[in-house]
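Chemist: Mind having a look at this structure? Questions to follow.
The values are calculated or read from the model by the stated rules, or taken from the named source; none is laboratory data. Since this is a predicted model, take the numbers as computed values, not measurements. A quick note on method: Cβ atoms are made from the backbone with ideal geometry, for glycine too, and the neighbour counts reach across all protein chains shown. Only protein heavy atoms, including side chains, enter the accessible area calculation; ligands, DNA and RNA are left aside. Shrake-Rupley method; radii C 1.70, N 1.55, O 1.52, S 1.80 Å.
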Amino acid sequence: MMRRGYRSPPTRTRGASASRVRLADVTALDAVSIITTKRDGGELSDAQIDWVVDGFTHGVVADEQMSALAMAIVWRGMTRRETARWTTAMIASGRRMDFTDLPRPTVDKHSTGGVGDKITLPLAPLVAACGAAVPQLSGRGLGHTGGTLDKLEAIPGWQADVPVPRMRELLADPAVGAVVCAAGADLAPADKRLYALRDVTGTVESIPLIASSIMSKKIAEGTAALVLDVKVGAGAFLKTLDGARELATAMVELGTDAGVRTVALLTAMDTPLGRTAGNALEVAESVEVLAGGGPADVVELTITLAREMVTLAGIDVDPADVLADGRAMDHWRAMVRAQGGDPDAALPTAKHTEVVRADRAGVLTRLDAMGVGIAAWRLGAGRARQGDPVQAGAGIEMHVKPGDFVSEGQPLLTLHTDTPDAFAGAAAAVDDAITVGEPDGKPAAPLLLGRIGA
Ligand code: URA
């Protein structure tokens, strides 16, 4: 394939002196005109979008120019056409994987991220056990939400890097059928560079940029169908239902336009999912779910997402039956082994624990996901910067959930860490996250808040 060049469109000349303009000057001028078009509320053409994303990928459009364009997009937005073209250009910056020759239908899930969100761990083997292939390229955590790879890396021996031919073999294997692994450097590399810039230039908060960033990676991953779990609430990226619905709609449109059957569920993230936040703690809880137990909210969300996934994959099986009869657990064990892990090995535990107790009797009316996420992060379960190490055993066990009665002095949480200096900061974060009061008479908030289908 020929690489696209960096020649500017013919309208961009500088009169008599144009022949002496150096390539660098011309490309700088093009980037500037694209930035100013968007800054002034204009719509970018397909050619401008292709050019600027390609130029950025190859170092012709400078970081400061892309940052300025990202800020203009934050303020001015992008139309559906622009967002779709931007996504296509991001995919084209790398390699698009293709699993159409697999003997089973492919389907994947993406969550926008929440505290205690370990759902991928029971979900991927469950959906594989239903007969689908689940190719999940995942990331590591940053900030208060954990990363799926960090969680799985708590399992002794488990490896996140799987070469593509091996991934294909495992997806085709009826005893495995699911691979959760690190995305290669060639998967939407323009997004990788742009996301790093957005992170440090205050330009993450833009629906078209978030939607195109997430969907470029999911479409490039080669799945035929996709279920999006868009989190809403205090511990989520998006705090309001309207914002989450807008993002979900944009992502469903992008997936559908790219030929990926896509559905989005809007789910609550005001309080953490399940009873644990932290890498090894969440693996242990996921194994409980696969063994037929586990917290009710984790089981409910796993089955709800699995039903959407198998329906999109065209498989007529109820995942609740497959979870109940142990087939999902068999796939989990095979999946962990296939990536070098030992499903029977003891999980790492933290060196130190501290218990947080109720300072009065009453009802737990609030356990704020953001506060718990920050506390788990301070204990060492998360990282502040890309590349920082995480502690496998660090995190928080939650002994009560909102709506539970508590007595004075009753243990509410156990904090786990290898670094006891972290207790003070974590305790301060959870102190602000907990409210024990009088029963408020409100029914428990539902987990599922909406669904957006193609
Ligand atoms: N996650 C992504 O992958 N991209 C964004 O822009 C935001 C969250």
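Chemist: In Å², and per residue, what accessible area does the chain have when probed at 1.4 Å with the other protein chains present?
Modeler: 42 Å²
Chemist: Specify which residue in the list V162, A175, H399 is farthest towards the positive end of the charge dipole of the chain, using unit charges on the beta carbon of Lys, Arg (+1) and Asp, Glu (-1), about the Cα centre.
Modeler: V162
Chemist: So what is the 222 nm mean residue ellipticity for the chain from helices alone, if each DSSP H run of at least 4 adds -39500 (n - 2.57) and you divide by all residues, rounding to the nearest 500 deg cm²/dmol?
Modeler: So the calculated ellipticity at 222 nm is -13000 deg cm²/dmol.
Chemist: Could you check how many percent of all C-alpha pairs in the chain are farther apart than 35 Å?
Modeler: In whole percent, the long-distance tail amounts to 34.
Chemist: Which value, in debye to the nearest 20, gives the size of the charge dipole of the stretch 302-366 about its Cα centre, when Lys and Arg are +1 and Asp and Glu are -1 at the Cβ?
Modeler: 420 debye
Chemist: Further question: How big is the charge dipole of the chain about its Cα centre, in debye rounded to the nearest 20, if each Lys and Arg gets +1 on its Cβ and each Asp and Glu gets -1 on its Cβ?
Modeler: I would put it at about 1720 debye.
Chemist: What is the stretch 125-260's relative contact order, in percent, from Cα pairs under 8 angstrom and six or more apart in sequence?
Modeler: Normalised by residue count, the contact order of the stretch 125-260 is 22 percent.
Chemist: Next question. Could you give the alpha-carbon Rg of the stretch 317-454 over 2.2 N^0.38 Å, rounded to two decimals?
Modeler: Normalised Rg, Cα atoms only: 1.31.
Chemist: Can you pull the percent of the chain's accessible area that's carbon plus sulfur, 1.4 Å probe, other chains left in place?
Modeler: With neighbouring chains kept in place, the figure for the chain is 54 percent.
Chemist: Given the options A72, G387, G222, identify the residue whose Cα lies farthest towards the positive end of the charge dipole of the chain (+1 on Cβ of Lys, Arg; -1 on Cβ of Asp, Glu).
Modeler: Of the options given, the answer is A72.
Chemist: With the dipole of the stretch 305-344 worked out from charges on the C-beta (+1 for Lys and Arg, -1 for Asp and Glu) around the Cα centre, which of T311, V336, A324 lies farthest toward the positive end?
Modeler: V336
Chemist: Give me the mean projected area, in nm² to one decimal, of the convex hull enclosing the Cα positions of the stretch 108-338.
Modeler: For the Cα atoms of the stretch 108-338, the hull's average projected area reads 11.3 nm².
Chemist: Setting aside same-chain residues fewer than 8 positions from K351, which lysines have a Cα under 30 Å from its Cα?
Modeler: Correct list for K351: K118, K151, K401.
Chemist: Then there is this: Work out the length of the dipole vector of the stretch 352-437 about its Cα centre, built from +1 on the beta-carbon of each Lys and Arg and -1 on the beta-carbon of each Asp and Glu, and round it to the nearest 20 debye.
Modeler: 200 debye
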